[in-house]
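The values are calculated or read from the model by the stated rules, or taken from the named source; none is laboratory data. Computed from a prediction, not measured in an experiment: that's the story for all the values here. Here Cβ is always computed from backbone atoms with ideal geometry, including for glycine, and neighbour counts include all displayed protein chains. Side chains are part of the model used for accessible areas, which takes the heavy atoms of the whole protein and leaves out ligands, DNA and RNA. Shrake-Rupley method; radii C 1.70, N 1.55, O 1.52, S 1.80 Å.
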Amino acid sequence: MGKTLNRSVAIVGSGPGGIYVAQALLEKSPGCRIDIIDKLPTPFGLIRGGVAPDHQNTKRVDRKYSETATAEGVRFLGNVTVGSDVSLAELTETYDAVVLALGAPYDRRLGIPGEDKAGVIGSNAFVGWYNSHPEFRDLEPYLDVDAAVVIGVGNVAVDSARILAKSKAEMATSDIADYALNRIEASKLSDIWMMGRRGPVDAAFTNIELRELAEMENCDLDLDPNQLPKDVPTGMDARRRVAKVRILETLWNMSELSSHDRRRTLHIRFQARPVEILGNARVEGIRMEHTRIENGHAVGTGETYDIECGLIITCIGSVARPIEGMPFDEKSGTVKNTDGRAAPGLYAAGWAKRGATGTIGTNRLDSYAVTDLIVADFAGEAKPGPDGFDELAASHKLNPVSFDDWLTIKEAEEQAAAGPAPRRKFSTVADMLATLQKSRKRA
Ligand code: NAP
């Protein structure tokens with residue numbers, strides 16, 4: 001334990017991957033000083049900006065995260081962008097270890113003709129838009145359309161389809177951005193398509209999330225029973241098979257629901273992959289190709305059909321992007337690392353380490369394992385740590401947002417909430433900082 005005294009670690013990114021590193025360091029390296037740096041003035045990454053606004057229970061993990069972020073020796077330094085406000089090299093000179101836990105916030109590309117037409121958006125942008133993320137609040141997805149196509153059948157696709165399909169009343173207890181709620185409610189959208197390139201058993205969504213789609217009051221479901229197998233193939237591990245059997249049951253139940261002429265219909269289709277986005281400057285449709293499965297992969301059959309639509313949301317996975325000095329693996333879209341070690345004194349955690357997979361809890365085990373390596377690697381003379389960062393911040397004229405500042409922002413958001421909504425989020429950094437300034441003047 002003695003050798004961890006006076007050590008300091010900077011964690012870049014305050015989402016689950018980063019927070020669990022801080023939690024693990026508090027347990028495994030008492031006395032270590034921890035700075036959690038985030039480009040936004042608001043902490044907790046995907047908990048705030050990714051988890052769906054109608055999944056408030058999932059967001060409650062932020063209470064535990066707040067305990068970590070306010071523990072002795074831990075600081076939250078928001079509104080600081082590593083790569084522009086401070087460089088990675090400056091951080092590695094300042095701290096004994098730097099952990100890149102900056103997530104995977106960029107959309108994978110489909111790689112098909114027409115992908116750059118107006119009306120094609122990625123899930124990170126769409127989810128950020130309805131979750132008041134400052135980078136995406138001006139997205140303006142095309143909602144003056146009759147049909148939207150969601151590509152992918154993972155949980156992000158399910159979230160995106162559900163948010164498009166739910167009524168304003170159903171979202172009353174959520175913290176969805178007002179502008180998004182009003183645009184979705186006013187939209188003439190009648191048909192939402194969710195398209196999987198492989199079959200139902202290979203779909204990436206989980207049963208709880210899938211089941212929610214059958215509980216929407218404003219949206220009928222349309223599945224083709226001919227696409228649903230009677231049973232799950234044998235030969236997969238028992239736990240996975242149980243999960244897949246449940247999913248198949250849910251899909252069968254959904255396929256038997258009768259239509260109620262509701263305002264919107266969600267069509268779920270499998271074994272069709274996108275091959276071309278149709279239209280001129282703006283999307284007018286998508287060409288899909290039927291697939292067969294070979295060695296677990298979707299292979300085109302050459303038989304195509306078109307779906308008319310004015311909006312396409314690609315929910316096909318996410319990647320990180322490199323910042324200067326970060327070893328990067330282009331293929332996986334992650335920090336190049338071995339078990340979390342990226343370079344001497346430089347580590348990766350969360351989705352930036354292992355790609356955009358797993359639940360929030362998956363990050364806990366993973367971040368604890370990375371922290372074991374960090375602590376084992378501590379050697380040589382201790383670096384300046386937080387004191388050094390404060391000097392850097394002063395010389396770069398930065399004004400980091402502290403955790404107390406965040407609590408002021410949080411309180412203002414909670415006070416602004418209407419009816420049963422838990423909060424009304426700020427969607428610009430300028431508004432957040434103005435709130436802080438006002439509160440400082442009052443104090
Ligand atoms: P994901 O689970 O990896 O799903 C991606 C989907 O996109 C898959 O259906 C995949 O099909 C499809 N896809 C990929 N490339 C494609 C292409 N070129 N053309 C057509 N389809 C393509 O990713 P995600 O939905 O972004 O979720 C990321 C992680 O967050 C997951 O672990 C997810 O469970 C988790 N998450 C959880 C929740 C929740 O628990 N409520 C909510 C949101 C996200 P193939 O399988 O054929 O590749």
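Structural remarks
- Single match in D329, D339, D366 (criterion: open to solvent by less than 60 Å² (accessible area, probe 1.4 Å), over 19 Å from the mean Cα position of the chain (by Cα) and of a type in the set (D, E, K, R)): D329
- Meets criteria (more than 16 Å from the ligand (Cβ to nearest atom), at pLDDT below 95, not hydroxyl-bearing (S, T, Y) and not in a helix (DSSP H, G or I)) for G380: yes
- Any hit, segment 144-159, residues being touching a Gly at 6+ places or on another chain (Cβ under 6 Å) and either touching a residue at least 24 places away in the same chain (Cβ under 8 Å) or basic (K, R) (or both): yes
- Selected residue [more than 26 Å from D231 (Cβ to Cβ), part of a strand (DSSP E or B) and in contact (Cβ under 8 Å) with a residue 40 or more places away in the chain] from I176, I192: I192
- Top-ranked residue in segment 192-243 [being open to solvent by 70 Å² or more (accessible area, probe 1.4 Å), more than 24 Å from R262 (Cα to Cα) and among the β-branched types (V, I, T); ranked as farthest from the ligand (Cβ to nearest atom)]: T234
Residue-by-condition table, conditions (1) more than 16 Å from the ligand (Cβ to nearest atom); (2) surrounded by fewer than 23 Cβ atoms within 10 Å (Cβ to Cβ); (3) outside any strand (DSSP E or B); (4) of a type in the set (S, T, N, Q):
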{"site": "V98", "(1), (2), (3), (4)": "yes, no, no, no"}
{"site": "N124", "(1), (2), (3), (4)": "no, no, yes, yes"}
{"site": "A157", "(1), (2), (3), (4)": "no, no, yes, no"}
{"site": "A161", "(1), (2), (3), (4)": "no, no, yes, no"}
{"site": "E170", "(1), (2), (3), (4)": "yes, yes, yes, no"}
{"site": "I184", "(1), (2), (3), (4)": "yes, yes, yes, no"}
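- Filtered residue count, segment 385-435, keeping only those that are within 13 Å of P41 (Cα to Cα) and open to solvent by 50 Å² or more (accessible area, probe 1.4 Å): 7
- Hits in segment 23-39 (condition: out of contact with any Phe, Trp or Tyr (no Cβ under 9 Å at 6 or more places or on another chain) and either in a helix (DSSP H, G or I) or open to solvent by less than 30 Å² (accessible area, probe 1.4 Å) (or both)): L25, L26, I34
- For E249, the criteria (1) among the charged types (D, E, K, R); (2) free of Cβ contacts under 8 Å to residues at least 24 places away in the same chain; (3) more than 24 Å from D116 (Cα to Cα); (4) within 14 Å of the ligand (Cβ to nearest atom) hold in every case but one, which is (4).
- Scoring E324 on the criteria (1) within 13 Å of the ligand (Cβ to nearest atom); (2) open to solvent by 70 Å² or more (accessible area, probe 1.4 Å); (3) within 30 Å of E90 (Cα to Cα) leaves a single failure, condition (1).
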